[in-house]
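What follows is one structure encoded as structure tokens, with my remarks underneath.
The values are calculated or read from the model by the stated rules, or taken from the named source; none is laboratory data. This is a predicted model, so every value here is computed, not measured. Positions of Cβ are generated from backbone atoms using ideal geometry, with glycine treated the same way; all protein chains shown enter the neighbour counts.
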Amino acid sequence: MNFAFMLPVMMLTFGCTFLVVSRFGSREAGLWAAGFLSAAVAFSVPMFFAWLPIPVQALSADALFLSAFFFYSGALLSRFRQPSRMVLRLGVCVVAYAALAYSVLVLESLPAELLISDIACSTLLVFAIGSSLGSARRTIDRILLGVASLIVVEAIVRNVILLVIFSPGGDLESFGTSTYAFVMQAGASVIALLFALSALAATTLDTVERYRDAAESDSLTGLLNRRGFEETTSRLRARGALKGAILLCDIDHFKRINDTFGHAAGDSVIAGLAELLKARLPDGAFAARFGGEEFVAFLPGAALADGGKVANAIRLAFSAAGQPDIAGVGKITASFGVACVASSDVSLTETIGRADAALYAAKDAGRNRVMLEGTPAQEAPAIHVAY
């Protein structure tokens, strides 16, 4: 098998693929692309630049391999949100390249050149792996770091073997045509392929998740949107965990806020209520902006009375948040309707419908209050503050 031809083609393919992924806003993908493209050119030097003097070929390939591992380590650090340590990594490359130039131009020693190159490249990877280990939470991240570690192990084993081959009495020429040399080259190629595939899988999954989050999130508040809320509750229903209370919330007299203070002020009020929901909802609960000034929250496992208490805490905090007065209305407030998921509910739409009826009852009763589902709806016990 012609590994000399296979490796540059493989690296070029992955480099171009990462370039495409980087167009979706992934800085990490751009670093991977630079690394694999540098490696592709490095592997191509002996094939396409054979007319150059051997020292020039060697130093060109060495510089490109150092660049490749510089970008690989940068991609790993970027992925796991670690400091780039740019100066330190550049320093490793500069010192290593000076040593490589000495081994090629002065010592004219291939073993020294290979050893220095592998030590430098492994050092860059080891630094990135060590810095990132504590941040590898997902399976794909652990796989990526594991394969990167395999590259370091392979380099150590290969250099130990080469040191034996280059020892007195070692026959490099016979080794180069041996089955063992073929196995070593095949192993290195497989590890390189696994490294590229795991990096591509991790980066692509991140890109997909980022776009999915954007599709399921409200850009103004950072809460879920209607689609995101429905997707989240569907996953809970699939696990049989869709039990709890629904809170439906609407900002009182919101049109007057926009008419009096402008849409920017209205957006600020919406964002303020969203922040209160994030801060005041219990652990495990989540909220969504259903549109305009309407919000919905789900409290897993909560009883109706518990939902009423949470809603009242948010209502009081919102009315006391220092929002401006509206002529003829007073302080900006919000009304809430609360309902619990019933065993007879075919879908959460039915629960939301009962919470919506309770919300309308809160509006009819004078706003700035929490009403619990029922016929008729009952007001949740609370302290009322007059404005």
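Here are a few things to note about the model shown:
- Considering residues of the range 245-266 that are small (Gly, Ala, Ser) and either in contact with a Ser or Thr (Cβ under 9 Å, 6 or more places away or on another chain) or surrounded by fewer than 17 Cβ atoms within 10 Å (Cβ to Cβ) (or both) only, the residue modelled with the highest pLDDT: Ala245
- Hits in the range 79-101 (condition: hydroxyl-bearing (Ser, Thr, Tyr) and modelled with pLDDT of 95 or more): Tyr97
- Answer from Ala317, Ala321, Ala288, Ala297 - the residue that is in a loop (DSSP other than H, G, I, E, B) and not aromatic (Phe, Trp, Tyr): Ala321
- Condition check for Ala75: within 27 Å of Ser44 (Cβ to Cβ), of a type in the set (Gly, Ala, Ser) and buried (at least 18 other Cβ atoms within 10 Å of the Cβ): yes
- When the helices (runs of 4 or more DSSP H) confined to the range 41-148 are screened for residues that are touching a Ser or Thr at 6+ places or on another chain (Cβ under 9 Å) and under 19 Å from Ala188 (Cβ atoms), those reaching at least 2 such residues are found at 54-79, 110-132.
- Looking across the range 273-285, the residues that are assigned to a helix (DSSP H, G or I) and within 20 Å of Leu359 (Cα to Cα) come down to Leu273, Ala274, Leu276, Leu277, Arg280.
- Every residue from the range 283-312 that is of a type in the set (Phe, Trp, Tyr) and either surrounded by fewer than 24 Cβ atoms within 10 Å (Cβ to Cβ) or on the phi > 0 side of the Ramachandran plot (or both): Phe286, Phe290
- Test result for Ala29, under 24 Å from the mean Cα position of the chain (by Cα), of a type in the set (A, V, I, L, M) and in the same structural domain as Ser135 (by TED's automatic domain parsing): yes
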